[in-house]
Amino acid sequence: MILETPEAFLATLPPHRAIAGLDLGDKTIGVAVSDRLRSVATPLVTIRRIKFTQDAARLLEIVADRELAGLVLGLPRNMDGSEGPRCQSTRAFARNLEKLTPLPITFWDERLSTVAAERALLEADTSRKRRAEVIDHVAAGYILQGLLDRAAHLGRG
């Protein structure tokens, strides 16, 4: 079930269950998860993309192992807020994933999440090689934390 607004997504979630944030790229999928109280996002893993069925199977394995209640996909809008081909690709991924799981799925504007993740890793004096390894799931953490902060603001944490 795809829900277009964070409010609708949050209203469907059962209490005390974690959610995941996803940063979809052409070659990788960054995954971050929240705690059960949905207050803190933690970068988890970067999945190397192969093809949709294998990518989805790996994601749903993480969902099952961690008993996740929902998925937040970063929506890569253009800086002017419009949606281009990358947004269409993300929405298509969500529609295909929706066929495989009853979990609620929503989107979060991910503009500048990778920039913020890169800046944080630079400030932490992370090597170039290590940054390349972790940037996607750190960016997923920024996407998820944005939604968690919104939930806290709405009183739906």
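Scalar couplings 3J(HN,Hα) for region 18-32, obtained by applying the Karplus form with A = 6.51, B = -1.76, C = 1.60 to θ = phi - 60°, are 6, 10, 10, x, 10, 10, 7, x, 5, 10, 9, 10, x, 10, 10 Hz; x denotes Gly and Pro. Neighbours of residue 91, meaning other residues whose beta-carbon lies under 11 angstrom from its beta-carbon, give a summed charge of -1 when Lys and Arg score +1 and Asp and Glu score -1.
3J(HN,Hα) along region 34-44, derived from phi through the Karplus expression 6.51 cos²θ - 1.76 cosθ + 1.60 where θ = phi - 60°, amounts to 9, 7, 5, 8, 6, 10, 10, 9, 10, x, 10 Hz, with x in place of Gly and Pro. Less than 5 angstrom separates the built amide H of residue 44 from those of 31, 32, 33, all sequence-distant by 5 or more or on a different chain. Database remark: amide H of residue 77 closer than 5 angstrom to the amide H of 110, 111 (H placed geometrically; neighbours at sequence offset of 5 or more, or on other chains; Pro and chain starts carry no H). Lys and Arg at +1, Asp and Glu at -1: add these up for the other residues within a Cβ distance under 11 Å of residue 17 and post the number. Net charge in that neighbourhood comes out at +1. The alpha carbon centroids of region 26-46 and region 52-109 are separated by 13 Å.
Protection proxy ranking for 100-106, 48-54, using the average of other Cβ atoms within 10 Å per residue and placing the highest first: 100-106, 48-54.
Read-outs throughout are calculated quantities, based only on the coordinates presented, and are distinct from any laboratory measurement. From a predicted model like this one, the values you see are computed outputs, not experimental measurements. Reconstructed Cβ throughout: ideal geometry from the backbone, glycine too, with neighbour counts over all protein chains shown.
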